[in-house]
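Step one of this worksheet: look at the structure below.
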Amino acid sequence: KANKFYDWRYELENEENLDNLLGLEIAAIRKARDLGFKSIGLLIPLVNDAERIKSIKELLLKANLEPLQDVKLGIIIDNPAAVYMLDDLLLTGINSVSIDVNKLARHTLAVKKEEVNSMHPAIIKQLKIIAEMSNKHKAKTKVFNFDASLDIIELFIKTGIDTIAANPDDLELVRNSVAKVEKKLLLSVARDSFKNRIN
């Protein structure tokens, strides 16, 4: 069966509009499930409040959809508030955490799109927090929307990010960078093992 992940966006003026849109999305999800689709999920952006996730779960239950089972739940980390509220968000029960790297950097550093520095110490610290917290709660992590380079790929791998989603134009660079970083890490592990044996 094909997979489908629904994602609603940001231009919503009030809670009533959001709830109306959610109702339409949930109706579409229920129809997709009834048609036989097995792996369906909601990916929620701009979340920094556990109550929003709880209210979405309530709407799913009213539609006879079991959260985390019938419908996977994921959040997009795209603002610093979500990073520091992540423990509360994860405690509500979610399957995955996706990190919009460029948006998180823009909102954290208060810079224009062309001035984003995803290797800024503040962003590195936030990525580590996200990975550690998600791992603690057994939620999978994914990064997307970043400027590909060997340095940032190495950062993602060392931080413990589960999945790296790259733009088609960057796929070759990302593949080569992942191979280089993994080879480097394997050599480091082999050296440490050898040192331990001879000491």
**Report entry** Distant-in-sequence amide H partners of L46 (H built 1.01 Å from N, under 5 Å)
**Finding:** I76, D78
Requested in this report: Run the accessible area of the range 31-116 with a 1.4 Å probe and give the carbon-and-sulfur part as a rounded percent.
Outcome: 50 percent
Query raised in the report: If you plug each phi of the range 129-138 into the Karplus form 6.51 cos²θ - 1.76 cosθ + 1.60 with θ = phi - 60°, what whole-Hz ³J(HN,Hα) values come out, in order, with x for Gly and Pro?
Result: 4, 4, 5, 5, 5, 5, 4, 4, 9, 6
Query - Within straight-line cross-link reach of K31, lysines at Cα separation under 16 Å, skipping those fewer than 8 residues along the same chain - result: K1, K4, K62, K72
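The values are calculated or read from the model by the stated rules, or taken from the named source; none is laboratory data. It should be emphasised that the depicted structure is a prediction, and the values quoted were computed from it without experimental measurement. These accessible areas exclude ligands, DNA and RNA; they are computed on the full protein's heavy atoms, side chains included. Shrake-Rupley method; radii C 1.70, N 1.55, O 1.52, S 1.80 Å.
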